[in-house]
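Asker: Shown below is the structure under consideration.
Values in this text are rule-based calculations from the coordinates and carry no lab data. What you see is a predicted model; the values in this text were computed from it and never measured. All Cβ positions, even for glycine, are placed from backbone atoms using ideal geometry, and neighbour counts span all protein chains on display.
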There are 2 protein chains.
Amino acid sequence: MKRRSFIKSLGSSFALASILNIKSSHAEEKTQFKWKMVTSWPKNFPGLGVGAENLANLINILSNNRIKIKVFGSNELIPPLEVFDFVSKGGAELGHSGAYYWKGKSPGCQFFSSVPFGLNAQEMNAWLYYGGGLKLWEKLYGAFNLIPRPAGNTGAQMGGWFNKEIKSLSDLQGLKMRIPGLGGEVLSRAGGVPVTLAGSEIFTALQTGTIDATEWVGPYNDRAFGLYKAAKYYYFPGWHEPGPTIECLINKTAYNTLPQDLQFIVDTACKAINIDMLSDYTAKNNLALQYLKSKNIVIKEFPREIMNKLRYISKQVMKEISTHDSITKEIYVSYNNFQKNVSPWTEISDKSFLNIR
Amino acid sequence: MKRRSFIKSLGSSFALASILNIKSSHAEEKTQFKWKMVTSWPKNFPGLGVGAENLANLINILSNNRIKIKVFGSNELIPPLEVFDFVSKGGAELGHSGAYYWKGKSPGCQFFSSVPFGLNAQEMNAWLYYGGGLKLWEKLYGAFNLIPRPAGNTGAQMGGWFNKEIKSLSDLQGLKMRIPGLGGEVLSRAGGVPVTLAGSEIFTALQTGTIDATEWVGPYNDRAFGLYKAAKYYYFPGWHEPGPTIECLINKTAYNTLPQDLQFIVDTACKAINIDMLSDYTAKNNLALQYLKSKNIVIKEFPREIMNKLRYISKQVMKEISTHDSITKEIYVSYNNFQKNVSPWTEISDKSFLNIR
């Protein structure tokens, strides 16, 4: 299923049987690099976990099995939030995760996943590949013996599930919401109470009233968690995560042992999975949205007053964290300049088009 | 410069010198496949032509030069609009072009570049990779001994350059505009006079008043053509081309001679260049837009009345061409269903987010 959908997504027209037993002029070559990939997602979790498997399979195939990668779901080898340290120390050669988990290393990490009211997926890729973003990311992670590569994107997320209607800022006062990272910090300053919970704990906490609200990802992943059974109001847009990049972490020492064609194969596979995962989410979110609409829920847009307030707070928060260390400052300046420049173009291209389509 | 920017875009940290002289454990292997790539773009034309070079270089590097591709700009080997036939017959193994040029083969081709009021770039990729689009494209091109792969995207284009303000539908009456393909057909039914001109002829025609208006691509390419010197009004959005996919055409016979790892290398390189070119355009369009704003031009949004009329006509035109042949019908149904399903998701994700950012 996973392998089949991967091959289908590559658009190849070979028969499945022939893929599973690749015979080529190089089939006699021995595997030279047996690598591990640790991830922050449950094995084969829709979108994220499948993306990790696809990345590993793609590197295997492109390298004609000269690199052979074994993927570990969260908690199979290490807990989900130890991916960074584990790959940094060489426990695994590869990791698949999200950069905002590593804000403890430097607040600057968060700019490489998603920033409240920041860049969307298309703009993020433009900043990373052609706006200097990836270079700064390499500088940041280089200090930890890591090389980062964009390797997936969920696209714009949803604002989350709420057990009551959110009509004005007063409805946020004391609201207990599962929302980690920068979004949580912003909510807190608007009067809410951010709560940190692992994905597996969300459903029960919401259903029992331990929390009043939660964000997760979007229809595709939210449906899988059954969140529509625990709260009635589903709000958009996902102001806090408008196009999160998913990362591949590569142990630098291991990368440097590869011949250059294999280094390019790793880099290029990440790039292909970056667009592939976003396409997967875009195609699946709408089907899941249709399903959710058939349930007893209310899908609503956040009131403009709330968006204006949260935007204002977000800009303050980003400015504050930029003073933490010099690399964060450098990343902040680059990201902000890029957003300032790209926004007028997005205004008259994608935004204008979507508003008249 | 071209090679340097390609390498930079891959985000690799090797020194340029070492790239130009790749040494690896496989460096002793001989080139097995000397391939030609013909394109519809001038050699190294910003965005499109650079994308073709990047694609060829990437395949060379990933295959460790087992495939070695020589790229030909338009008119170097054949005229730009003979790419399809030339690759189909095996004159070259690869082509880099746009599917709407081949509407003479079947009107269905046009769905694989861009459709007026159709899918944007992110939605297009979702349809192609995960919505059945690429499978239909393979079916369509298969009859011509060709395999298609998405291999670039310009992102949303601009509405074009006009020598007068466009205030209402009456301003379109008799308006001579260079706008090919489906956009031209729609304009014609709204009272305009579509004109077909090669890119190289546009500037003079606009400056001398032979035409009243022209569309081209967007700020990045339009600036290179100096169009801002020939007309004052620059309109958005590009309703006729909201996210054109650029294609790689592969001669099927040649593809089938490749071992499977090299087939995957060709496929994956196309996928990586698909996101790479869109990132390039997104990063460069805004810089070019800033430049254009410093010139004596007026950047304006089309009046809603005109958009409503052109949208209505576009739906009619698409429906009409769908009856031309059975494969076009099949493509039309798939594309339309996908758009109908994905639009509600884009509404509450990217569109909603861009409207509150």
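Asker: Measuring from the lowest to the highest alpha carbon on each principal axis, how far does the protein assembly as shown reach, largest first, in angstroms?
Answerer: Each principal axis gives a Cα extent; for the protein assembly as shown these are 68, 64, 48 Å.
Asker: Of the DSSP beta bridges with both residues in chain B, give the percent that are antiparallel, rounding to the nearest 5.
Answerer: Rounded to the nearest five, the antiparallel share is 45 percent.
Asker: Give me A:Leu354, B:Leu136 sorted ascending by neighbouring Cβ count inside 10 Å, so fewest comes first.
Answerer: Fewest-to-most Cβ neighbours within 10 Å comes out as A:Leu354, B:Leu136.
Asker: From the gyration tensor of the Cα coordinates in the range B:202-247, what semi-axes in whole Å does the equivalent ellipsoid have, largest first, with each one equal to sqrt(5λ)?
Answerer: Each semi-axis is the square root of five times an eigenvalue, giving 20, 11, 10 Å.
Asker: Could you please report the charge total around B:Pro303, scoring K, R as +1 and D, E as -1 over all other residues with beta-carbon less than 14 angstrom from its beta-carbon?
Answerer: +2
Asker: Looking at the range B:211-357, I'd like the Rg to Rh ratio, where Rg is from alpha-carbon atoms and Rh is Kirkwood's inverse mean 1/r.
Answerer: Rg/Rh: 1.03.
Asker: Taking each pair of distinct Cα atoms in chain B once, what is the resulting Kirkwood hydrodynamic radius in Å?
Answerer: 21.2 Å
Asker: Treating the point 7 Å from Cα along Cα-beta-carbon as the label, what are the nm separations from A:Lys68 to the other copies, to one decimal?
Answerer: 3.2
Asker: Among the aspartates and glutamates, which fall within straight-line cross-link reach of B:Lys252, defined as a Cα-Cα distance under 14 Å, with same-chain neighbours fewer than 8 residues apart omitted?
Answerer: Correct list for B:Lys252: B:Asp85, B:Glu93, B:Glu138, B:Asp267.
Asker: Hey, which residue of A has the C-beta nearest the axis mapping A onto B, and what's the distance in Å?
Answerer: Closest to the rotation axis on chain A: A:Ile275, 2.
Asker: Output the 0 to 90 degree angle, nearest 10, between the alpha-carbon long axis of helix A:121-130 and the longest principal axis computed from the alpha carbons of chain A.
Answerer: Once rounded, one gets 50 degrees.
Asker: Work the Kirkwood hydrodynamic radius out for the range A:295-346: mean of 1/r over every pair of different alpha-carbon atoms, inverted, in Å.
Answerer: 13.4 Å
Asker: Defining the label point at 7 Å along Cα→Cβ, can you sort the distances from A:Ala143 to the same site in each other copy, shortest first, in nm?
Answerer: So the distances to the same position in the other copies read 6.1 nm.
Asker: Considering only Cα-Cα distances, which of the following residue pairs are longer than 27 Å: B:Lys105/B:Lys229; B:Lys36/B:Lys284; A:Lys103/A:Lys271; A:Lys43/B:Lys271?
Answerer: Result: B:Lys105/B:Lys229; B:Lys36/B:Lys284 exceed 27 Å.
Asker: Using only the alpha-carbon atoms, how far is helix A:133-142 inclined from the longest principal axis of chain A? Give it as 0 to 90 degrees, nearest 10.
Answerer: Roughly 70 degrees between the two axes.
Asker: Could you work out the relative contact order of chain B, using alpha carbon pairs under 8 angstrom and six or more residues apart, expressed as a whole percent?
Answerer: Reported relative contact order: 22 percent.
Asker: By count of other Cβ within 10 Å, fewest leading, how are A:Asp267, A:Asp85 ordered?
Answerer: A:Asp85, A:Asp267
Asker: Same structure, new question: Can you tell me the orientation of helix A:326-346 relative to chain A, as the angle in degrees between its alpha-carbon axis and the longest Cα principal axis, to the nearest 10?
Answerer: 80 degrees
Asker: What are the nm distances, shortest first, from A:Val193 to its equivalents in the other copies, labels at 7 Å along Cα→Cβ?
Answerer: Inter-copy label distances (nm, one decimal, shortest first): 7.3.
Asker: Now for a separate question. Going by how many other beta carbons lie within 10 Å of each one, how would you line up A:Asp325, A:Asp276, fewest first?
Answerer: A:Asp325, A:Asp276
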